[in-house]
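Asks: Handing you a structure now.
The values are calculated or read from the model by the stated rules, or taken from the named source; none is laboratory data. If you're wondering where the values come from, they're calculated on a predicted model, not measured in any experiment. Cβ placement follows ideal geometry from the backbone for every residue including glycine, while neighbour counts extend to all protein chains displayed.
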Amino acid sequence: MDDATTFVLIGASYAASWQTESLAGQPLINKGIGGNESGEMLDRFADDVVALQPRAVVIWGFINDIFRSSPSELEATKLRIRENIAAMVQLARSSGIEVIVATEVTVREPAGFTNWIAGLVGRAMGKTSYRQYINEHVMDVNQWLRDFAEKEQLLVLDFERALADDDHRRKAKYTQDDGSHLTAAAYSEITKYAESRLAPTFVNSLNH
């Protein structure tokens, strides 16, 4: 690989749709694949990240694991997510690649008045909607990820919090009508946020 390439991004559809060619002034190669679960990211990590020998990798994505898990298997699913992320971190580090981990983003109810009313009534009655259920488990893994990153001294891109409102849900302006995928405004926001987080480490070190 060209020595100028600093970042490889690995993830699923959120990552794949992030149309940025650079971060912190350095080129980025996007290895996001829509629909991937964390185990599939681990399976291709050697080919899509290690073989390219970037300076750093951004690991972003596990929501498909949670979407596809049955309630009875969800705790085991979250354990596998943690194991898969830890394994990717170990693979990167053993190859001399710096690791940046990104929290997953939460979801919202699909657009439309009926969905909005259903969500409002459900919250008033103390019921947990499917999207709230997903978010509960996404935020649980995100908190593990923050704790893991602190323990392992990894840089965190906290996309969940960067896009969230005061209720810890993703802001409507950052959500497409399906309630899941990110808008152009969301990608603009995470790009600005990522630049601010990465520049002190990567731009400054490259300039000295």
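Asks: Can you give me the ranges of the helices (runs of 4 or more DSSP H) entirely in the range 1-94 with at least 3 residues that are loosely packed, with under 13 Cβ neighbours inside 10 Å? Reasoning before the result, please.
Replies: On the way: elements: 13-16, 38-43, 45-48, 63-67, 74-94.
So the answer is 74-94.
Residues checked against (1) surrounded by fewer than 15 Cβ atoms within 10 Å (Cβ to Cβ); (2) at pLDDT 95 or above; (3) more than 15 Å from the chain's Cα centre (by Cα):
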| position | (1), (2), (3) |
| --- | --- |
| 97 | no, yes, yes |
| 101 | no, yes, no |
| 115 | no, no, yes |
| 123 | yes, no, yes |
| 133 | yes, no, yes |
| 151 | yes, yes, yes |
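Matching residues to (1) under 19 Å from residue 149 (Cα atoms); (2) over 14 Å from the mean Cα position of the chain (by Cα); (3) of a type in the set (Gly, Ala, Ser):
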site: 24; (1), (2), (3): no, yes, yes
site: 37; (1), (2), (3): no, no, no
site: 53; (1), (2), (3): no, yes, no
site: 71; (1), (2), (3): no, yes, no
site: 77; (1), (2), (3): no, yes, no
site: 85; (1), (2), (3): yes, no, no
site: 90; (1), (2), (3): yes, yes, no
